[in-house]
Amino acid sequence: MEGAAAATHTGGVAPIPGFAGTSPRGGRENEKRPFALIATESGVRRLFAVDEAAAGLGLFVGQKATDAAALVPELVIADADPAADQAALEALCDWCARFSPAVAIAPPDCLFLDITGVDHLWGGEGAMADDLVARLAANGIPVRTAVASTPGAAWALAHFSQGEVIAAPDATMARLAPLPIQALRLEAATAAQIARLGLVTIGRLAGTPRDQITRRFGAGVVLRLDQALGRVEEALVFRRPRNPWFTRLAFAEPISTPDDLARIATDITAAMCARLDAEGRGARRFELCFHRLDGLAQRIAIGLSLPGREAARIARLFIPHLETIDPGFGIEVATLTADEVETLAPRQQRLDAAAEVAPEDGLAPLIDRLIGRLGAKAVWRADPWPSHTPERAVIRRPPLAAFPGGGWDLARPRPLRLFRRPEPIEAMAPIPDDPPVSFRWRGAQHRVRRAEGPERLAPEWWRSPRARVRDYYRVEDDTGARFWLFRAGLYGETPAPKWWLHGLFG
Amino acid sequence: MIMSSKARLQAARALVSPASSPPGPVLPFGDDRIDGLLPGGGLPLARWHEAGGEGLDVETAVSAAAFVAAVITPLARKGAVVWVMRRDDLHAPGLFGLGFPTRSLVQVKVRDETQALAVLEDALGCAGIVAAVGEIDTVDLTAGRRFQLACERHGALGFAIHRRPFGGQTRRSVSGSSSATRWTIAPEPSEPESGEFGLGAPRWRVSLDRCRGGRSGAWIMEKTDEPYPLRVVADLADRQLAPPQSLRLVG
């Protein structure tokens, strides 16, 4: 991953659009006055965040609200609302999708943008960061940005270095070395303890033997250091763009009877399908979610083998699964999302009903019903697969998947019934490498009248190194029943070769 | 209302005759020795049929499956075929070797008889499905009647292959059945062409045990390719030789 993460940091004041819009500062005349947010910590009201003006007057985060009010009587205060902060940060994250498709939230105040392979669209990392800062500043959101090779380094540089930083991949250590130990995203107590030992900068910490750090402070410190320096990969949880195919039904009174659930499934499907129809789309996957009063969400997912938007048909697929829903004290909201949405042109209904039937009318609904009832693994079409091992020459695909073409080799007859596990037989084969003259299978003796073979199949040694060579014979007994036998191993080998019955010809 | 005695007799005959319903489309075998016994000159579509075996075939049902696959091959070229089974040991390369177009075959694995009957009925009543085959132990009268109604909806051909689960009990005897035909299929030693080694084309001893509106018979048949999937090798002359008309009057 090349110069990958950009952290935007927002300074002391809660920086987020939610505040810019719904600021409780009041009217215009208040705009120049210092502003602070208050949060109650263990019964004491303390400053949670301060803006630049307040900070300039000597106020700081963690100060008692009464002290601050005494020092700066004109201070405007409001209650902190972490939930609104989070929502606003999420909104900002969605907005940042214009810069990179992969944006992750690092609460409480930071966003990571994976800009690998997208910065050239702005003419470089610097221009991209400038554009980001300028656009946010136009909305009244102060941010700090940093570009670095790892999320950890970008976070550290955005929070603790001055100005806009772009760290070249080979300069990460040099850039991080002078930063304080808090820049490693450590718990406040741990960071303070490390600093008390004199290891005040990252550079000093990196120079200390790792085993000693681990012994004193746990593995977390070394992990954070390694993540910042790129020695260990760090997984970011990127926020997915919201699915636009989303419908919601809320009820004035909670519902719980099976009839109501069925009616809701029908209604919400109809609403979604009307939308799909209006935009000329169809979807392959639908997920119906019932949200209970106690907050539990129960989901039913169904799939279609061809994209569709016929409300009645899709609702019928949901209804058999409704009995798995436990309504508890009641369900207050139902949501439906559609996935794998594709363009679906409206079809013309045929006037001649007896003529050929399109798969959308006949086969596809049947397969959807069967999959809904029996599971996706119980309905399949067997397609050729390039393997000479008999049991692997077939691949099971969804019945309406595109046909890959081709077939099996007709010169090598294969049985109509192939046993999943070959069954052992007692065979009499007088001469090595000849088909048996008689064999015993399931308690019945069979005299071989005609035989064909051998067809030697080498095992796939990369799968099972101890598998043995198989010599297959097609034999017919005196009643005409046709069998597919094989001898595993060769004569003269130890252990002695064994005979198996692998399938039956019709 | 005055009717001549002849007309009254005809009306009465029309009431009791099973041939009163107009013969629908059929699937011919391409040989008069079989088609002549079947009403309408072939295996009637929009009906359901039964096939079974004897001996080991009761559990493996392999000859019956091969015969049914061969019979419905011309249909499978025109539309989808659903094959319902409890044991998924049907091997597509084997079907392909019998000339069956496996790309139009949908295989369904079910857990029990009840499910198999339900899936078969659902599939038969579906547009675009030309045939549905089920490997089941028994079809009772109710299920058979439901099959029949499902087959009539879109003219699909139904086939029930009797197959006992491995190690299962002896088949429950069912007194009657609403199927159009009932077949028993047994393997028959193949005859390779002179000068060739190994096995010849697969052969079966096919016996038509019961045929609604037709007569029964038995033949030795061999798998061929064109124009029909099966060829009559020999007529096993153990069938009733009564003329069809008199049979109808009795039945």
Restricting segment A:354-363 to residues that are within 11 Å of A:Leu400 (Cα to Cα) and within 9 Å of chain B (Cβ to nearest Cβ), the one modelled with the highest pLDDT turns out to be A:Leu363
Can you find a residue in segment A:284-302 that is of a type in the set (Gly, Ala, Ser) and farther than 26 Å from A:Gly375 by Cα? yes
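Restricting to segment A:457-506, give me the number of residues that are assigned to a loop (DSSP other than H, G, I, E, B) and at the interface with chain B (Cβ under 10 Å from one of its Cβ atoms).
5
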Reported set for segment B:86-117 where residues are under 19 Å from the mean Cα position of the chain (by Cα), small (Gly, Ala, Ser) and either buried (at least 23 other Cβ atoms within 10 Å of the Cβ) or within 7 Å of chain A (Cβ to nearest Cβ) (or both) is B:Ala116
Checked pairs for segment B:204-218, first over 13 Å from B:Arg47 (Cβ atoms) and in contact (Cβ under 8 Å) with a residue 40 or more places away in the chain, second part of a strand (DSSP E or B) and acidic (Asp, Glu), C-beta under 7 Å and 6 or more apart or across chains, list as B:Trp204/B:Glu188; B:Ser216/B:Asp209
Apart from one, (1) over 53 Å from the mean Cα position of the chain (by Cα); (2) within 11 Å of chain B (Cβ to nearest Cβ) all hold for A:Met428; the odd one out is (2)
Quick count over segment B:210-221, residues being buried (at least 21 other Cβ atoms within 10 Å of the Cβ) and closer than 15 Å to B:Val71 by Cα, is 2
The lone condition B:Gly52 fails out of (1) closer than 28 Å to A:Glu423 by Cβ; (2) within 7 Å of another protein chain (Cβ to nearest Cβ) is (2)
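Matching residues to (1) at pLDDT 90 or above; (2) in a helix (DSSP H, G or I); (3) under 21 Å from the mean Cα position of the chain (by Cα):
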residue	(1), (2), (3)
A:Thr269	yes, yes, no
A:Gly303	no, no, yes
A:Arg313	no, yes, no
A:Thr335	no, no, yes
Log entry, pairs with first residue in segment A:441-455 being facing chain B (nearest Cβ under 7 Å), second being open to solvent by 70 Å² or more (accessible area, probe 1.4 Å) and not in a strand (DSSP E or B), beta carbons closer than 8 Å, six or more apart or on different chains, reads A:Arg449/A:Asp478; A:Glu452/B:Phe197
Exactly one of A:Arg285, A:Arg292, A:Arg309, A:Arg313 is among the basic types (Lys, Arg) and open to solvent by 80 Å² or more (accessible area, probe 1.4 Å), and that one is A:Arg285
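Conditions tested, residue by residue: (1) of a type in the set (D, E, K, R); (2) open to solvent by 30 Å² or more (accessible area, probe 1.4 Å).
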residue	(1), (2)
A:Leu363	no, no
A:Arg369	yes, yes
A:Arg373	yes, yes
A:Arg392	yes, yes
A:Ile431	no, yes
A:Arg447	yes, yes
A:Gly453	no, yes
A:Arg466	yes, yes
A:Asp478	yes, yes
A:Val437: passes all of (1) of a type in the set (Val, Ile, Thr); (2) more than 28 Å from B:Phe100 (Cβ to Cβ); (3) facing chain B (nearest Cβ under 10 Å) but (3)
Could we say that B:Val16 is modelled with pLDDT under 90, β-branched (Val, Ile, Thr) and within 21 Å of B:Arg215 (Cβ to Cβ) here?
-> yes
Of those in segment A:67-87 that are exposed (fewer than 15 other Cβ atoms within 10 Å of the Cβ) and of a type outside the set (Gly, Ala, Ser), the residue farthest from A:Glu52 (Cα to Cα) is A:Pro82
From the option list B:Gly79, B:Gly53, single residue qualifying as farther than 18 Å from B:Thr224 by Cβ, touching a residue at least 60 places away in the same chain (Cβ under 8 Å) and open to solvent by 10 Å² or more (accessible area, probe 1.4 Å) is B:Gly53
Of A:Phe505, A:Phe439, the only residue that is open to solvent by less than 40 Å² (accessible area, probe 1.4 Å) and within 53 Å of the chain's Cα centre (by Cα) is A:Phe505
Note on segment A:375-390: residues among the small types (Gly, Ala, Ser) and crowded, with 20+ Cβ neighbours inside 10 Å are A:Ala382
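Per-residue answers, yes or no, for (1) among the hydroxyl-bearing types (Ser, Thr, Tyr); (2) at pLDDT below 90; (3) open to solvent by 20 Å² or more (accessible area, probe 1.4 Å):
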position	(1), (2), (3)
B:Arg8	no, yes, yes
B:Leu45	no, no, yes
B:Ser63	yes, no, no
B:Ile72	no, no, no
Of (1) open to solvent by less than 40 Å² (accessible area, probe 1.4 Å); (2) among the charged types (D, E, K, R); (3) touching a Leu at 6+ places or on another chain (Cβ under 9 Å), A:Glu460 satisfies every one except (3)
Can you confirm whether segment A:227-238 contains a residue that is free of Cβ contacts under 8 Å to residues at least 40 places away in the same chain and open to solvent by less than 40 Å² (accessible area, probe 1.4 Å)? no
| said: Tell me whether segment B:189-209 contains one or more residues that are more than 14 Å from chain A (Cβ to nearest Cβ), exposed (fewer than 15 other Cβ atoms within 10 Å of the Cβ) and either at pLDDT 90 or above or not in a loop (DSSP other than H, G, I, E, B) (or both). | reply: yes
Filtering segment A:109-153 down to residues that are of a type in the set (Lys, Arg) and farther than 24 Å from A:Gln86 by Cα yields none
Among residues of segment A:407-424 being closer than 17 Å to A:Ala488 by Cα and surrounded by fewer than 18 Cβ atoms within 10 Å (Cβ to Cβ), the residue nearest to the other protein chains (Cβ to nearest Cβ) is A:Arg420
Next item on the list: Consider A:Arg381 carefully, then state whether it is at the interface with chain B (Cβ under 7 Å from one of its Cβ atoms), at pLDDT 85 or above and not in a loop (DSSP other than H, G, I, E, B).
Entry: yes
Note on segment B:121-158: residues away from every other protein chain (no Cβ under 14 Å) and touching a strand residue (DSSP E or B) at 6+ places or on another chain (Cβ under 8 Å) are B:Ile136, B:Asp137, B:Thr138, B:Val139, B:Gly144, B:Phe147, B:Gln148, B:Cys151, B:Leu157, B:Gly158
Item to complete: With respect to A:Leu363, determine if the residue is in contact with a strand residue (DSSP E or B) (Cβ under 7 Å, 6 or more places away or on another chain) and among the aliphatic types (A, V, I, L, M).
Response: yes
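The values are calculated or read from the model by the stated rules, or taken from the named source; none is laboratory data. Just so it is clear, the model here is predicted, and its values are computed rather than measured. For neighbour counting, all protein chains shown are included, and Cβ atoms are generated from backbone atoms with ideal geometry for every residue, glycine included. Accessible surface is based on the protein model in full, side chains and every heavy atom, while ligands, DNA and RNA are left aside. Shrake-Rupley method; radii C 1.70, N 1.55, O 1.52, S 1.80 Å.
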